[in-house]
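Here's the structure we're looking at; comments come further down.
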Amino acid sequence: MKKLFLMPFALFLASSAFAADSSQPVSVVELFTSQGCSSCPPANKFVTKLAEDGDKLVLSYGVTYWDYLGWKDTFGDPEFTQRQREYGKALGAANVYTPQIVLNGSAHSPRYSRKDVASMPLPETKPLASISLGNNGLIVTADTDADAKLVIVSYMPGIQSVPVKRGENGGRTLKISNVVTDVTPVYWNGGVARTKITPQDGQAYAALFHDFETAKVITAAIYQP
């Protein structure tokens, strides 16, 4: 996967970067799933319903460790598997598994209800954050000088239909929502950061700020061209 060179940006651009094309979700729902996992379709369906609410950021990551079962996940990437392992370490999970739903980087389970998700939103006092288009790439701003880990998640908004020909889901067409295509770490030292990520057709972008110690999502922003 292509890596991008990133650099900090001058703080005086902060006011212009809080653009109208950016929004902030009330919750960040990350699903680690696999097209080769027979237990995953109900979780795929659940997060798809959540995505319809419009106020939640839903992200679906294809992991790779079930590829040996007879079907290679067409959206899978070892980097997504590594992201799940990093969550597992931070959250004290003994093993990675699918489906795994991670809420706001602070809790995980193979299944949640709408009530569960509604009861664990991001804090109302979360820092104001924005992701928008600058002259040479996406600009990220946040009203915090916290020492945070910032990642930009690229994803395909909407539902992707995948006919699975082999493995545990052989013969089924899976519907997967907001499929993640890339996760890019961004250097963050407070205020504003500029990337060389150029928006692509059919892609949306989310900026996630994580606490370094706990992996908890501090704040988030969404940019959909």
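Rule-based calculations on the coordinates, nothing more; no lab input. All values reported here derive from a predicted model rather than from experimental measurement. Glycine also receives a Cβ, built like all others from the backbone with ideal geometry; neighbour counts cover every protein chain displayed.
Taking other C-beta atoms within 10 angstrom as a stand-in for reagent exposure, Glu213, Glu30 fall in the order Glu213, Glu30, fewest first. Highest mean packing first, where packing is the average number of other Cβ atoms within 10 Å per residue, the peptides 108-115, 57-64, 95-102, 163-170 line up as 57-64, 95-102, 163-170, 108-115.
Among residues other than Lys45 whose Cβ falls under 13 Å from its Cβ, what is the net charge (Lys/Arg +1, Asp/Glu -1)? Spelling it out: positives minus negatives among the neighbours equals +4. Net charge in the neighbourhood of Asp147 (other residues with Cβ under 13 Å of its Cβ; Lys, Arg +1, Asp, Glu -1) is -2. Beyond a 20 Å Cα-Cα separation, which of these cross-linked pairs lie in this structure: Lys45/Lys115; Lys72/Lys216; Lys72/Lys165; Lys126/Lys216; Lys175/Lys196; Lys126/Lys196? The answer is Lys72/Lys216; Lys175/Lys196; Lys126/Lys196.
Measuring nothing but alpha carbons in the chain and taking Rh as the Kirkwood radius, the Rg to Rh ratio lands at 0.96. Just how far, in whole angstrom, is segment 152-216 from segment 92-128 if you go by their alpha carbon centroids? Taking the Cα centre of each part, segment 92-128 and segment 152-216 sit 17 Å apart. Given +1 at the Cβ of Lys and Arg, -1 at the Cβ of Asp and Glu and no other charges, the dipole of segment 7-223 around its Cα centre is 640 debye to the nearest 20.
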